[in-house]
Amino acid sequence: MSRDGDPPGRARRVGELDVLRGFALFGILVVNARLMGDPYTAFGGGPGASVPDRVAAWTVTALFTAKFYVLFSFLFGYSFVLQERSARRAGAAFASRHLRRTAGLFVLGAGHAVLLYPGDILTTYAVLALVLYGLRGLSVRAALRVAAALLLVLSALLLGYGLLTVAFTEPVTAAGYAPRAAERTAALRGDAGSVLGAHLRDLPAAVGADLLYAPAMLAAFLAGSAAARSRLVERRGRDREWLRRTALRCLPPGLAGGV
C-alpha cells in the first residue's frame, strides 16, 4: 500500500472534484425543481404568481440558472482526462471503455427524457463526449482557444437572436400562454399514457435547447480537460489563499452579470 492508503499503481482520488460535483448537482437540482414543479416556469411565471414566488423565481434565475451546469460540464471534461489516465495505468484500451460509458450514458439519458423529464441533458453529454474524444489530442492552449471561440460565436448568435426577437416579435402575455400551460399540466396529471405523450410532445423543444447550448457545454468540456492536463485541482485545490483571491476577483463580476 502507498502512504496515502491506495494500492500501488492507483492514483489518489481527487476528493475536491467530488465536492465540486456535489455542489454543481445541488444547483442543478434547484433549477430543475422549479422547472418540474411549476408549468409556468418556461413562460416566465404564472399569471397569478405572488410576490414571494416571483422573488424566488428571480433569485433562482440570477444565481442558479445556466450556471451550475457549466461547472458540471467542466467537471465532466476534467473526469474525462482522469479516466484516460486510469485506463493507461491499467493497460486497458481507453477507446472501448469510453464508448461503453458513452453508450450507457446515452441510453440512461434517453430513458430519463421519455419517462421522467424531457429536459434531460445526458444524451447531449454522450454525443459531445464523442466529440471530446476526437479532440483529446489538443494541447492545453489549443483546447482553451477552441473553448473561447465556441463561447464567442455562441454569444454572438444569442445576442443577435435576442435583438431580432425584441425588434420583430410581440411579447407573450399571460392570456396567451396560460391555456397551453394548463393543458400541459392536465396531461402531466393524467395516466401513464398521458404523461408519456406530454413528454414526447415536449421532447423536440428540449432537444432544440440542448443543441443551442451544446457549444457552451463543449467549451466547458474542453476547459475542464485542459485544467486536468495541467492538474489545476491537484495543484491549487488546497491552496486556500489562491482560492480566496480567485473568489474575490471572479465572484463580484459573475454575480453582477447574473443579476
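Length gained on full extension, residue 13 to residue 135, computed as 0.36 nm times the residue gap minus the Cα-Cα distance: 41.4 nm. For region 179-185, 3J(HN,Hα) computed residue by residue from phi via the Karplus equation (6.51, -1.76, 1.60; θ = phi - 60°) reads x, 5, 5, 5, 5, 5, 4 Hz, glycine and proline entered as x. On a per residue basis, the convex hull of the C-alpha atoms belonging to region 15-235 measures out at 144 Å³. Relative to the longest principal axis of the Cα atoms of the chain, the long axis of helix 192-229 makes an angle of roughly 40 degrees. Figure legend: label point modelled 7 angstrom from the Cα of residue 99 along Cα→Cβ; residues of region 116-130 with amide N under 20 Å from it are 123-130. Contact order, relative form, for region 100-145: 35 percent (alpha carbon pairs under 8 Å, 6 or more residues apart, mean separation divided by residue count).
Bear in mind that the values in this text are calculations on the coordinates, not laboratory data. This one's a predicted model, so the numbers in the text were calculated from it and none came from an experiment. In this analysis, Cβ positions are derived from the backbone assuming ideal geometry, glycine residues included, and neighbour counts consider all displayed protein chains.
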